[in-house]
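Here is the structure we will look at, set down as structure tokens.
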Amino acid sequence: MVFAACVPAEHELLFTDEHLQTVDLDEKADLVFISMMLTCQVKRGWEIADRFRARGVPVVFGGIATQLHPEETAQHADAIFLGEAEGRVEGVLAEPGAGKLKKVYDYLNTPAPSSRWAPREGRSSSASCTTTAACRWWTWCTPRAGAASTATRAA
């Protein structure tokens with residue numbers, strides 16, 4: 001949901017969590033994002049991506065499992081996103097219409113956009129407060145959707 005909140009308002013968004021809904025593989029979309037949290041989800045994510053790509057719909061993968069299996073996932077994607085997408089997805093959304101998707105968006109060694117709140121040298125981290133979005137499966141986790149979740153812009 002955090003990713004969905006980062007999508008600029010001018011884009012129509014359909015969010016599907018395969019834990020709760022069936023992915024419509026015939027959905028008319030301009031672009032599909034697939035987030036995979038766990039390694040056990042990658043084969044299903046690749047299957048979904050292959051179906052959309054066979055119809056000419058570009059697919060972007062992200063999530064922790066994408067970071068763990070980038071080479072394999074890239075074979076099923078038009079682009080892969082490594083690192084946090086929050087605050088950076090606007091650039092990706094601007095590119096597919098022009099056919100300019102990068103194969104890899106690598107932000108693994110780039111501080112997250114919200115890092116201005118991270119402790120700086122000389123500051124005590126004991127005064128820091130950490131917050132995160134919780135999901136229903138874990139007490140603390142990065143905000144990610146469930147198995148092979150997709151976010152698409154409708155045509």
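Coordinate-derived values only; no laboratory data. This one's a predicted model, so the numbers in the text were calculated from it and none came from an experiment. Positions of Cβ are generated from backbone atoms using ideal geometry, with glycine treated the same way; all protein chains shown enter the neighbour counts.
For ASP30 and ASN109, a Förster radius of 25 Å and the Cβ-Cβ distance give a FRET efficiency of 0.25, rounded to the nearest 0.05.
The share of Cα pairs per 10 Å bin across segment 1-58, counted from zero up to the longest distance, runs 19, 54, 26, 1 percent.
Within straight-line reach of LYS43, meaning a Cα separation under 22 Å, sit the following lysines at least 8 residues removed in sequence or on another chain: LYS103.
Each peptide in 16-28, 42-54 receives the mean, over its residues, of other Cβ atoms within 10 Å, and ordering these scores from highest gives 42-54, 16-28. Modelled label positions at GLU10 and ALA94, each set 7 Å beyond Cα in the direction of Cβ, lie 1.0 nm from each other. Considering only PHE3, LEU38, VAL57, the residue lying farthest towards the positive end of the dipole of segment 1-64 is LEU38, judged by Cα position with unit charges set on Cβ.
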